[in-house]
């Protein structure tokens with residue numbers, strides 16, 4: 001499950017109470033700036049970061065926001081998926 005931990009300025013990917021990964025963000029106006037996306041080491045290799053990034057895209061669409069990807073991993077994810085152009089701020 002993707003959780004917007006807005007008070008901490010991050011999205012979290014959780015399985016029950018267990019944290020799998022997170023993405024730090026800053027919300028300013030209609031833009032979510034994402035400087036860092038990370039999967040915890042013990043969960044790497046299972047494509048969890050893709051699930052997390054898809055959740056960020058879905059949330060941005062729901063809230064009519066744009067994503068400014070400072071994280072190279074997220075930037076590559078968005079670039080490789082032309083269907084995310086509607087939420088990508090370049």
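The values are calculated or read from the model by the stated rules, or taken from the named source; none is laboratory data. What you are looking at is a predicted structure, and each value in this text was computed from that prediction instead of being measured. Note: ideal-geometry Cβ built from the backbone for every residue, glycine included; neighbour counts use all protein chains shown.
Here's the yes/no breakdown for (1) touching a residue at least 40 places away in the same chain (Cβ under 8 Å); (2) surrounded by fewer than 19 Cβ atoms within 10 Å (Cβ to Cβ); (3) on the phi < 0 side of the Ramachandran plot; (4) assigned to a strand (DSSP E or B):
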| site | (1), (2), (3), (4) |
| --- | --- |
| 14 | no, yes, yes, yes |
| 24 | no, yes, yes, yes |
| 53 | no, no, yes, no |
| 61 | no, yes, yes, no |
| 73 | no, yes, yes, no |
| 77 | no, no, yes, no |
| 83 | no, yes, yes, no |
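Each residue in the range 26-49 was checked for being in a helix (DSSP H, G or I) and either modelled with pLDDT of 95 or more or surrounded by 14 or more Cβ atoms within 10 Å (Cβ to Cβ) (or both), and 3 pass.
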